[in-house]
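The values are calculated or read from the model by the stated rules, or taken from the named source; none is laboratory data. Worth saying up front: this structure is predicted, and the values here are computed from it rather than measured. These accessible areas exclude ligands, DNA and RNA; they are computed on the full protein's heavy atoms, side chains included. Shrake-Rupley method; radii C 1.70, N 1.55, O 1.52, S 1.80 Å.
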Amino acid sequence: MFNRLYPKQFVASVFDIDLQELKDRGVRVILTDLDNTLVAWDVPHAPELLLMWLEKVKSYGFDVIVVSNNNENRVRTFTEPLGLHYVSRARKPLPSGFKAALSKYGYSPKEAIFLGDQLFTDVLGANMAGIHVIHVQPVVKTDGLVTKFNRMLEKVVFAHMKRRGKYVLITKKVEELAVDAQRAKVAVAEKIGEAMHPHSKDSHKKDE
């Protein structure tokens, strides 16, 4: 039972994920929980830092699909301005929500990773669906009643992981994200410019 509650990796936040490593492993899509993984449960829209991260994610060519147990209105309000796909009322930890997301948008479990902050919904469900899962520390420490109960159980599991040397937290300075995101934004702008003016390089060569 404990093994299914073990993620493949622990990170302090989504900003600490090595996107290049994911790309090198053949990952094409990032499935992610919403509340307390991307933003606090009571924050309706993505803050600037998260927007920068999503720009960086897109520059690597990843698709992003939000898989949340929350209701349609909450999930749509967050994802629609960002142009993200989503599955609401996913009923995690049941694997059906994960599989529905993959099937709907044409991906296999081997091409996906899942990001989530809860062991008994996100990690357990992703493992049962055969998806590589990364545990993200909760954005905030406040939770709903059911989640509070789950957090109490999680303490037992985390203690078990630490005793077995399975818990290694990866952190990265947030300032690095701003630099990386700016580089990604410049790269995207250059690609757009090349697509709009495909002969500009040739003309420069002629001038030389």
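A few comments on the model shown:
- Heavy-atom accessible surface of region 62-150: percent carbon and sulfur, 1.4 Å: 55 percent
- The overall shape of region 1-124 is rounded: from the C-alpha gyration tensor, with semi-axes ordered a ≥ b ≥ c, the ratio a/c is less than 1.5.
- Using a probe of 1.4 Å, the accessible surface attributed to Leu119 totals some 0 Å² when neighbouring protein chains are kept in position.
- Heavy-atom accessible area, probed at 1.4 angstrom with all protein chains present, ranks Thr77, Thr171 as Thr171, Thr77, highest first.
- Linear extension gain, Ala159 paired with Ala12, 0.36 nm per residue minus alpha-carbon span: 51.2 nm
- Shape call, region 85-139: gyration tensor on alpha carbons, a/c limit 1.5: prolate
- The gain in end-to-end length when the Val168 to Leu82 segment is fully stretched comes to 27.8 nm, 0.36 nm per residue minus the alpha carbon separation.
- The slack in the chain from Leu51 to Asn73, taken as 0.36 nm per residue of separation less the alpha-carbon distance, amounts to 5.9 nm.
- Above-threshold pairs, the threshold being 27 Å between Cα atoms, out of Lys23/Lys99; Lys141/Lys162; Lys58/Lys104; Lys8/Lys148; Lys92/Lys166; Lys58/Lys141: Lys58/Lys141
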